[in-house]
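Undergrad: Sending over a structure as structure tokens; questions will come in a sec.
The values are calculated or read from the model by the stated rules, or taken from the named source; none is laboratory data. Model, not experiment: these values are computed from the prediction. Don't worry about glycine lacking a Cβ; one is built from the backbone with ideal geometry, like all the others, and counts go over all protein chains shown.
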Amino acid sequence: MAEKGISELDEFVDWFLTEEEAAEAATRQVTVMKKVCMLGDPAVGKTSLVARFVFSMFDDRYIETIGAKVTKRTMAIENKASGERYRLKLMIWDIAGQKTLDFIKPTYYRDAEGALVIADCTRRETLDNVSRWATSIREVCGEIPLVVLVNKSDLREHSLFSMQEAEQVASGLGAPAFPASAKTGENVANAFSNLGRRLIRDTLKTGLSK
């Protein structure tokens, strides 16, 4: 199943805001806050991707996430046709990947309106589990928009699956797929940007009160 409404994303232009810009924008733009979850097996790089996106940092030490960490990043999105601008505040939940924590995942999923599902190109099983992660959050939150990220593109020579395979999995979820690297920053902002525009698109369809 291909993602519906991809062309509709071209109606929007977006950019990310500093804390100072976000504070100023709050006085003159419609503010929308959305909970977004980072999903995927342990050690696929969820925490590193968030650090790259929010703080422009990378640390190759593996730090096991227990429970969830919540980080904020604000972006501005403009509707090209109407000129209306929206201040989108992404509340990014870094969910523990440990399968032993399955019983508490619904607590972290609750009220999420989007998610990035992460695979590691050097570990085939992490791609095989993408659909399981997508199903687990959609069972709680409904058909929320997803983006599939194939992390560690800086290690392409060690990849155990192709991007075509990842795109096929993502297509079945109605989601786009991006090769990405928390180390180099490749496509990290692009993935969040894509998800942010889709969140605003869906919010406008259902009403800004959501």
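Undergrad: Only one of (1) at positive phi; (2) touching a residue at least 12 places away in the same chain (Cβ under 8 Å) is not met by Leu116, so which one is it?
TA: All conditions pass for Leu116, except number (1).
Undergrad: What are the residues in the stretch 91-138 that are aliphatic (A, V, I, L, M) and either at pLDDT below 95 or not in a strand (DSSP E or B) (or both), if any? Show your work before the answer.
TA: Here is the first cut: in the stretch 91-138, the ones aliphatic (A, V, I, L, M) are 91-92, 95-96, 101, 104, 112, 115-119, 127, 130, 134, 137.
Those that are aliphatic (A, V, I, L, M) and either at pLDDT below 95 or not in a strand (DSSP E or B) (or both): Met91, Ile92, Ile95, Ala96, Leu101, Ile104, Ala112, Leu127, Val130, Ala134, Ile137.
Undergrad: Could we say that Thr47 is modelled with pLDDT of 75 or more and over 17 Å from Ser153 (Cβ atoms) here? Spell out how you get there, then give the answer.
TA: Values: modelled with pLDDT of 75 or more: yes; over 17 Å from Ser153 (Cβ atoms): yes.
Considered against the rule, which asks whether it is modelled with pLDDT of 75 or more and over 17 Å from Ser153 (Cβ atoms), Thr47 comes out as yes.
Undergrad: Being surrounded by 16 or more Cβ atoms within 10 Å (Cβ to Cβ) and at pLDDT 60 or above, is that true of even one residue in the stretch 57-65?
TA: Within the stretch 57-65, none of the residues are surrounded by 16 or more Cβ atoms within 10 Å (Cβ to Cβ) and at pLDDT 60 or above.
Undergrad: Quick one: what pairs do we get from the stretch 132-146, first residue within 14 Å of Val36 (Cβ to Cβ), second of a type in the set (Gly, Ala, Ser) and assigned to a loop (DSSP other than H, G, I, E, B), C-beta under 6 Å, 6+ apart or different chains?
TA: Once the first residue is within 14 Å of Val36 (Cβ to Cβ) and sits in the stretch 132-146, its partners that are of a type in the set (Gly, Ala, Ser) and assigned to a loop (DSSP other than H, G, I, E, B) give Cys141/Ala112; Leu146/Ala175.
Undergrad: Tell me whether the stretch 68-77 contains one or more residues that are modelled with pLDDT under 85, loosely packed, with under 12 Cβ neighbours inside 10 Å and more than 25 Å from Thr184 (Cβ to Cβ).
TA: The answer is no, given that none of the residues of the stretch 68-77 is modelled with pLDDT under 85, loosely packed, with under 12 Cβ neighbours inside 10 Å and more than 25 Å from Thr184 (Cβ to Cβ).
Undergrad: Also, quick follow-up: With the structure loaded, tell me whether Glu143 is of a type in the set (Asp, Glu), more than 19 Å from Ala51 (Cβ to Cβ) and more than 11 Å from the chain's Cα centre (by Cα) or whether it fails that test.
TA: yes
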